[in-house]
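Presented below is the structure to which this report refers.
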Amino acid sequence: MKKIKRRSLVSKTILAVIASFMAAAPAVYAEDAAPDFTMETILVTDSRAVQDNENEATKVTSINVKDKIDAGQIKSITDLLQDVPGVIVNTSPQSGTTVSMRGMSNERILVAINGNVIENQGGIFRGRSLEWDSLPVNNVKKIEIIRGASSALYGGTWGGVINIVTVDNPGENKTFLKYSYGSYNDWKTSLTNQGTDENGKFSWIINANKREGDGYYRNNSIDAKDVNLNMTYHLAEKKKMSFAFTDSDRKEGVITGNNHLAANDNGWDSDYPEVPVAPNAGFASGKQYLDGSYREFKTKNYALNYDNENWKLNLYRNTQNREDYLITKNSTSVSGLDTKNTGYSWQQNRKINNHNLIDGLDFRQLKLSGSSAFEANLHGYFLQDNWQVNHKTVVGLGMRYDVYDAENQKTDVDLADESQLSPKASVTYQLNSREAVYASASRVFRAPTVADYSRWSGNYYNDSKGNTPANLTTYNTAHGLKWNLNTWQQVLGTLKPEHGMAYELGWKKEFTAKWNGRVTGFLNDIDDYVNVYSGSEIGSQPPTYNIDHAKIKGLEFATDYQFNQKAGAVFNFTTQTASKSGDQLDPDGTDLTNLPKQTVNFGLRYNNLQGFRSSLDTRYRKNKTLGNYAIVDLAMSYTKDNRTVALAVNNIFDKDYQQTAGFPMPGINYSLSYQIGF
C-alpha cells in the first residue's frame, strides 16, 4: 500500500485531536445509540405482518417487496429502488443499470452491504464495474437509504448512501424451493435453507439461485448463478459475530445491431426489436459487435462483522473479474478487468448526558488491473454528536477528515494526494407532536474514482494528421498543439477532487393517524465538478475532466395514506435541475446530467389479511431528450400454509418508451412463480 508522502502540520494536528478524543472520552454508553441521520427503510417482508428493528409494525403502504421478488418481477437490487422518492433507476441495454439520488449520478452515491462500503468503482467500461445485477436480492432483509451528505460516518458522497442489509436471524428451521418463469423465456430456480440451533446462539441462511433467459434484444441472453451464505453467532445477549459470503457468476450477451441498414453487419432479425448498430456506431473505430459476443462477471463478496453493545468492527473484501469476449467482422478480442475492494471500519457509540456520540475510522482501498492499473486509498476519521438540546430540538454536529491518495501503477505516477476536513451540521425542530422542520449544511469532499482516472489517462482519439475538434481549434492553434493524448492531458489538466457544500431544508407532518407526508428541498453546490465529455471524436471511453462549477437542486415530496387495515396508497414527486459553468470542452453542449427532470410514483397496496396481497404501481418520467412516459406494473400473490403463488405483469398498458436513445424498452411482459416451504 502506497503511503501518504505529504501531510501538513495542520493535518497532523487534526488527526491527533480526533485520536485523543476517541481515546479519552468518558466511557458512558447509550443502550441504543441514535443514528446521525434520518434513515428511510425499504422492508423486505413475507406475506404476514412483521416488525423491523425499531419494533414498529409495517404498514400496508410499505413497498410489498417479498411478493414481487417471489413473482420474478424484482430480479435486481435496483428493482427495489424504483418507487423511492428522489431515486432514479436507469437501465441502459449497453451499459447496465445505474442509480442516482438527488440529481447525483451513480458515481456520487455510496453502496454498502451490512455497512461495508463497496467502494465507488465508477463507470469503468461504460458503467459496468459496479455490477448491480451481481448483488443477490434473495437474502435481502431491508435496504436503508441515507439521503444527501449529512452523515459524517460516510465520506465521498453527494447523493447519499444505499445500505443493503441481509438476513441475519432467520428464525424457524425451514427450506424453500421457488421456481419462476416469465417473458422472453426467462426462468429462475431458487433453493433456500435457514435455521437456528437449539440454544438460539447460532443461525444461518444459505441460498442458491440459477437464472437463464433469452433477453428482449438480439444477442441479449442471460445465464447467471449465485450462492449466498450468512451466519451469525451470538456470543452474549448484546454481542454477536457474523460472516457473509456471496459468489456470483453472470454471463450476458452483448446486444448487437438489428436493422435494415446496409452498414449493419448483423443484418435483420424480425424476432427482436430494431436497434442501432451497437455499441460503436459513430465512433472512430467503426467496429460492430456480432452475435456470439458476451461479457462475464465473476463476483465474490466477503464480510466479517463484530458487534457488541457499544462498538462494532467490520472487515470486508469484494472482488470482481470481468471478461469481454467480443466478435467483430474481422477479429475476435478477449479482454479482462479485475477490481479488488478491501476495507475496514470501526466505530463506537456513547452517551454523555444528552449527547449521543458516534466516532470511529474507516479505510477503503480499490485496485484496478487490466488494460489500466490504478490504486486508490481513502482514510477517514469521523465524529458525530446528536445533541438533544430540549424536548423539541435535536442538533447534529459532525466532523469528518479524509486523506486520499491515488496512483497509476503502470507508470508509477502519483495522481492525487489530498485531504480535507468536512464539518456538518443539522437541526430538527419539533413544532408539535406530529410536525417538524429540519435543515442541514454539509461540507463535501469527493475524490475522483479509479474509473475517472482510467478514462482520463487514455482511450482518446489520436488523429495522426493532427485534426482538431472544432470547439478546440482556436485553443490548439494559439498553443501550437496537435490532437493526441498529450494534447488532451495538457488541455484537461490533472483531475482534482470535487468539493463544495450540500444543503437541505424540509418539513414533515403526520396529518392524521392514517396520513402523513414530507417535503424536502436540496442544493448541491460543487466546485471542480468531474464531468464526462462524449464528443464524436472520442475513440472509446469518454474522457473525464474538471469544470469550474456545478449546481444541482431539486424538491422531493412524499406521502402515504392508509384507507383502512387492508388498503393503502403511496405517492411521491421529485423535480430537479442542473447548471454548469467553466466547461472548456462543451460550454454550450449537453446538459450536466441526463436524469429525468421530473418523476412521479403512485402505488396502491392491498392485503386481505387472509393470504392475498396485491400492488399497482405507476411511474411517470419527464425527460427532455428521451420524451415523457408513464408505465404501470401489477403484482399479486396468494399464500396458504407453506405455498405461495405469485403473478407480476409489467407495463400492463404496453406503452412505448426509452431509457437509452434508440433502444425501446419491453412492452407488456409477465412472470409467474410458485414457492413451497417444508
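The values are calculated or read from the model by the stated rules, or taken from the named source; none is laboratory data. Because the structure is predicted, anything quoted here is derived from the model rather than measured. Virtual Cβ from ideal backbone geometry, glycine too; neighbours counted across all protein chains shown. For the accessible areas, the whole protein counts, side chains as well, though only heavy atoms, and no ligand, DNA or RNA atoms are used. Shrake-Rupley method; radii C 1.70, N 1.55, O 1.52, S 1.80 Å.
Using Cα pairs under 8 angstrom and six or more residues apart, how large is the relative contact order of segment 589-648, in percent?
About 28 percent, as a whole number.
Ranking request for peptides 219-227, 195-203: highest mean number of other beta-carbon atoms within 10 Å first, then the rest in descending order.
Going by the mean number of other Cβ atoms within 10 Å, highest first, we get 219-227, 195-203.
Set Lys and Arg Cβ to +1 and Asp and Glu Cβ to -1, take the dipole of segment 357-417 about its Cα centre, and tell me which of 404, 389, 374 lies farthest positive.
Final value for the positive-end residue is 389.
Sorted by mean Cβ packing within 10 Å, highest first, what order do the peptides 614-624, 141-151 take?
The most tightly packed comes first, giving 141-151, 614-624.
Over segment 408-454, with every protein chain in place, what whole percent of the accessible area is carbon and sulfur at 1.4 Å, could you tell me?
50 percent
Per residue, how much accessible area does segment 210-275 show when a 1.4 Å probe rolls over the protein heavy atoms, in square angstrom?
49 Å²
Counting only protein chains, not ligands or nucleic acids, how are 438, 670 ordered by accessible area (probe 1.4 Å), most first?
Most to least solvent-accessible, the answer reads 670, 438.
Could you state the accessible area per residue of segment 614-672 in Å², with a 1.4 Å probe and every protein chain left in place?
51 Å²
In segment 295-340, if the dipole is taken from +1 on Lys/Arg beta carbons and -1 on Asp/Glu beta carbons about the Cα centre, which of 327, 311, 337 is farthest to the positive end?
Final value for the positive-end residue is 327.
Positive end of the charge dipole of segment 178-311 (Lys, Arg +1 and Asp, Glu -1 on Cβ, about the Cα centre): tell me which of 179, 275, 293 has its Cα farthest that way.
The one lying farthest along the dipole's positive direction is 179.
For segment 99-104, take each phi angle, set θ = phi - 60°, evaluate the Karplus expression 6.51 cos²θ - 1.76 cosθ + 1.60, and give the result in whole Hz per residue in order, putting x for glycine and proline.
The phi angles translate into 10, 10, 9, 6, x, 9 Hz.
Counting only protein heavy atoms and a 1.4 Å probe, tell me what percentage of segment 345-388's accessible area is made up of carbon and sulfur.
For segment 345-388, the apolar C and S fraction of the accessible surface comes to 55 percent.
So how much accessible area does residue 234 have, in Å² to the nearest 10, using a 1.4 Å probe?
Around 50 Å² of this residue is reachable by solvent.
Once you charge only the Cβ atoms, +1 for Lys and Arg and -1 for Asp and Glu, what is the size of the charge dipole of segment 584-678 about its Cα centre, to the nearest 20 debye?
400 debye
Ordered by residue, what ³J(HN,Hα) values in Hz, to whole numbers, does segment 359-368 give under the Karplus form 6.51 cos²θ - 1.76 cosθ + 1.60, where θ = phi - 60° and Gly and Pro are x?
Working through the residues one at a time gives 9, x, 8, 8, 9, 10, 10, 10, 10, 10 Hz.
Let me cross-check residue 510: its accessible surface, 1.4 Å probe, with only protein heavy atoms counted, in Å² to the nearest 10?
We get 70 Å² for residue 510.
Beyond 32 Å between alpha-carbons counts as too far, so tell me which of 188/551; 508/622; 509/580; 351/514 fall in that bin.
The pairs that break the limit, which is 32 Å between Cα atoms, are 188/551; 509/580; 351/514.
Using the Karplus curve 6.51 cos²θ - 1.76 cosθ + 1.60 with θ = phi - 60°, what ³J(HN,Hα) values do you get for each residue of segment 174-190, in whole Hz, with x for Gly and Pro?
Karplus-based 3J(HN,Hα) across segment 174-190 equals 7, 10, 10, 10, 10, 9, 9, 9, x, 4, 6, 6, 8, 10, 8, 10, 9 Hz.
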